[in-house]
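Report on one structure; see the data block that follows.
What follows draws every value from the coordinates through simple rules; no lab data is involved. None of the values given here were measured: they were computed from a predicted structure. A quick note on method: Cβ atoms are made from the backbone with ideal geometry, for glycine too, and the neighbour counts reach across all protein chains shown.
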Amino acid sequence: MRSPCSERPPVAYTSDARGLPCPLPLLHLARDLRRLRPGQIVELLADDPAARDDVPAWTRRSGHILLCWEAAAGYDAYYVQKRQG
């Protein structure tokens with residue numbers, strides 16, 4: 001997994017998947033990335049423990065970029081940049 005964020009990236013959209021079980025956070029992330037232009041960033045909020053493995057694996061397979069992540073009180077925030085093209 002990428003390292004924790006040194007500073008919060010500029011976010012175009014926040015996807016709140018807190019309270020949703022696997023695989024719903026990834027489905028929300030995929031849906032929300034389709035709405036963005038290449039290079040824009042979505043912030044995914046998820047409290048499903050599986051997301052810590054699933055988000056990095058999914059971004060590697062899909063070609064999107066996991067820029068960094070942050071642990072917050074009871075959930076994690078993942079910053080994913082939409083791939084070019």
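Along Cα→Cβ, 7 Å out, is where each label goes; now give me the distance between the ones at S3 and A30 in nm to one decimal.
Between S3 and A30, the simple spin-label model gives 3.1 nm.
Tell me what the chain gives for mean residue ellipticity at 222 nm when only DSSP H runs of n ≥ 4 count, each as -39,500 (n - 2.57), the sum divided by the residue total, rounded to 500 deg cm²/dmol.
The per-residue figure over the chain is -8500 deg cm²/dmol.
Out of the DSSP beta bridges found with both residues in region 13-81, what percent are antiparallel (nearest 5)?
The antiparallel fraction comes to roughly 75 percent.
Pairing rule first: another cysteine's C-beta must sit under 4.7 Å. Under that rule, which cysteines of the chain stay single?
C22
Sequence gap at least 6, Cα distance under 8 Å: using those rules, report the relative contact order of the chain to the nearest whole percent. List each step's numbers first, then the result.
Working: 158 pairs, mean separation 30.6, N = 85.
This gives 36 percent for the chain.
Provide the per-residue ³J(HN,Hα) series for region 55-68, in order, calculated from phi with Karplus coefficients 6.51, -1.76, 1.60 and θ = phi - 60°, each as a whole number of Hz, with x at glycine and proline positions.
Each residue's phi maps through the Karplus curve to give 5, x, 5, 5, 5, 4, 6, 8, x, 7, 10, 7, 6, 5 Hz.
Could you derive backbone 3J(HN,Hα) for region 71-84 from the dihedral phi with the Karplus parameters 6.51, -1.76 and 1.60 (θ = phi - 60°), listing whole Hz in sequence and x where the residue is Gly or Pro?
Computed from phi, the couplings for region 71-84 are 8, 10, 5, x, 7, 10, 10, 10, 10, 10, 9, 5, 5, 6 Hz.
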